[in-house]
Structure formats: C-alpha cells, structure tokens
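Student: Okay, handing you the structure first.
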Amino acid sequence: MAKLKSRALRLDGLAALSGVMIAFQARANGELSYRLDNAPQAALVSFSSGLFFITIYAIFSPKIKEGIKRLKAAVSSGEIPKIRLLAGALGGAFVALQTSVVPLIGVALYSVASIAGQSAVSLLVDRIGLTGGGVKLISPRRIAAAFITVIAVLVSVIDKLEADNFQLFALLLALIAGALVGVQRALNGQINEYSQNSYTTSLLNFITGTSFLTLFIIILIALGRVELQPLPGGPWWIYTGGVIGVIYIAATSLIVQHLGVLTFTLFSVGGQLIASLLLDIYSPTQGVSVSWYLVSGIAMTYIGVLVGGVRQSRLERR
C-alpha cells in the first residue's frame, strides 16, 4: 500500500511538472519573440525545432510508423476527412498568438485567459460532437466552471482596465489562443482514434503546424509586413520552447495512461498557474507586474477547473 501511494504521489508530481513546463514554454517563446521583435518568426523557430526532435524520434520508432500506416488507411477509406488532419495548423496559430501575447501581458495573465478560452470553447466542442463519439450534453456544472474561468480573467485585470498601457487586444488574443487549443485537442482526439499512437498524432501536428507558419511568414514577407531577423545569441533558454513541447508530449502520454485525463488536468493546470505566477514575480517580461487581483484570478481559474472536474469525475465512476 505504501508503495502504491508513493507511486501515485510521484505521478501527481509529474503531472504538475508538465504544467510547469507549459508555463516555461510560454516564457521562452515570449522572450524569443521579444528579442526578435517578430512573433511569427519566433513561433516558427519554436515549432520547427520541435519538429526536428520528434522527427528524429519517429525515424527510430516502429510504433509511429505503424500509426502513420493506420492513419493513411483511414484517410484512404474516407473514415476521417482530410481537413481534420490540419489540426496542427491550429497549434501553429496558437504558438504564434502565444509569442505575440506573453511579452505584452506576462505568463500568468496569459495562462488565466487561455485556460478560460479553453473552458468556454470546450462547451461548444462537446455540444456539436467535435471530439467524436457523438454529441455530449452540457451539464450546469460545466457551464458554471466555464463562467468562473471567464470571470477570473476580469478579476485578474481589474486594476489594469484604466491604465494607459493596458493591452486589451492582447488579452482577447490570449482567449482566442485558448479556444484554438480546445478545438485542436478535440480534432487530435479524432486523429488519435485512427492512428492509435499519440506520437504519430503529435508528429502530424508538428508537420502541419510548421508548414502553416512557414506559409504565413512567406505571405507576410510578400506583403511587406515583416522581415526575417537574425536569431539572437542568447540566452540559451529562449530556444527551448520546441524541445519542451516534445518532452511535454512524451510525459503526458505516459502519465495520462496511469492517472486518467481528469486527475492529470487538475494537477497540470495547478502546476501551470503556480509556475506562471512565479515566473512573473521572479523573471517577468518587461513592464509586467503582479497584483493581488491577478493572484485572485489565478485562484478562481483553478476553482473553475475543479468545479468542472468534479462532475466529470462522478460521471467516470458510473
């Protein structure tokens, strides 16, 4: 019994650590964007580096190759529409928004807003059956959870609403980024049903996401909106966003199998919110400050996640 408890604690800790990694990824990508002064290019650097590492892994992984064959067969037979294979483009858009927003509002407020966006869009995703398995009823508890997370965003910015430098547009972009992740995860769930391998799904995401960002930057250059900038010499950690993404995928695919989606989500979000707050306190982006309103918003965000999670936990036991 003691060994089982010790193992469970280790897994809970790893789930929380995966959330910490999300916060560090946002900080790294945001800092790279700030130093480049080019958010789309920073997003491409992050995504393409992740693609490089997961491609190396795929070369030596028979399971990923088998997953690719199963996915090709599903597409050929028409079991899954080709358009849904472009879920990675949403991931590319998410990282592009992340790199744009974090330098403006900080990691903590970005995390609160993006989680609120995920919570809100998850209601729509389930209602239209985008996750697969048919349309799902939306419980009052889940509506309340989404409402709480949205209110948490408002609480987080109460002291900033009248400030001249408050970035309302950046806050809205963070909400949209979270919404994109919610839709992407739903589509990935469908892809995973056919690939039967999360790494295959991740590889597809990195390929389509990198392709999307490359095309996006080419269009921006052609329109004269951006110019490619030389990569900054450091610090080294600003280039870890893509690697963190690959490690996060590897860790979560293992941990979720043992903890379940609900428990993993609760610990992961907790780790992400706490790490985001600490990063903004001890290693903030320029002009970002932490207030008690933001701390209260972070607490409310986690309460919202708990409210939604309790109901899901009861349903899973039935």
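Student: Could you tell me which residue of the range 183-219 is farthest from the chain's Cα centre (by Cα), considering only residues that are among the aliphatic types (A, V, I, L, M) and farther than 16 Å from Ser48 by Cβ?
Tutor: Of the range 183-219, the ones among the aliphatic types (A, V, I, L, M) are 183, 186-187, 191, 203-204, 207, 213, 215, 217-219.
Those left that are additionally farther than 16 Å from Ser48 by Cβ: 183, 186-187, 191, 219.
Details: Val183: 11, Ala186: 13, Leu187: 14, Ile191: 17, Ile219: 25 Å.
Applying the filter and picking the extreme gives Ile219.
Student: Looking at the structure I just gave you, is Ser198 free of Cβ contacts under 8 Å to residues at least 60 places away in the same chain, hydroxyl-bearing (Ser, Thr, Tyr), over 14 Å from Ala96 (Cβ atoms) and touching a Ser or Thr at 6+ places or on another chain (Cβ under 9 Å)?
Tutor: yes
Student: I'd like to verify a number: residues in the range 186-230 that are among the aromatic types (Phe, Trp, Tyr) and either touching a strand residue (DSSP E or B) at 6+ places or on another chain (Cβ under 6 Å) or within 16 Å of Thr252 (Cβ to Cβ) (or both), how many?
Tutor: 2
Student: Quick check on the range 58-75. Is at least one of its residues part of a helix (DSSP H, G or I) and closer than 30 Å to Gln167 by Cα? Give the steps one after another, and end with the answer.
Tutor: Start the filter on the range 58-75 by keeping residues that are part of a helix (DSSP H, G or I), which leaves 58-59, 62-75.
When the remaining residues are screened for being closer than 30 Å to Gln167 by Cα, the result is none.
Checking the range 58-75: not a single residue is part of a helix (DSSP H, G or I) and closer than 30 Å to Gln167 by Cα.
Student: On to the next question. Before we move on, is Gly242 modelled with pLDDT of 85 or more, surrounded by 13 or more Cβ atoms within 10 Å (Cβ to Cβ) and under 25 Å from Ile54 (Cα atoms)?
Tutor: Yes; evaluated as a whole, the condition is true for this residue.
Student: Then there is this: Check whether at least one residue in the range 185-200 is within 23 Å of Val107 (Cβ to Cβ), assigned to a helix (DSSP H, G or I) and not polar (S, T, N, Q), and report yes or no.
Tutor: yes
Student: Starting from residues that are modelled with pLDDT of 75 or more and out of contact with any helix residue (DSSP H, G or I) (no Cβ under 8 Å at 6 or more places or on another chain), keep the ones in the range 128-146 and report whichever is surrounded by the most Cβ atoms within 10 Å (Cβ to Cβ).
Tutor: Ranking the qualifying residues of the range 128-146, first place goes to Ile128.
Student: Out of curiosity, is Gly91 among the small types (Gly, Ala, Ser) and at negative phi?
Tutor: When the stated conditions are applied, Gly91 passes them.
Student: For the range 278-318, give me the residue count where each residue is buried (at least 20 other Cβ atoms within 10 Å of the Cβ), at pLDDT 85 or above and of a type in the set (Gly, Ala, Ser).
Tutor: Number of matching residues: 2.
The values are calculated or read from the model by the stated rules, or taken from the named source; none is laboratory data. In this text, all values refer to a predicted model and were calculated from it rather than measured experimentally. Cβ: placed from backbone, ideal geometry, glycine included. Neighbour counts: every protein chain shown.
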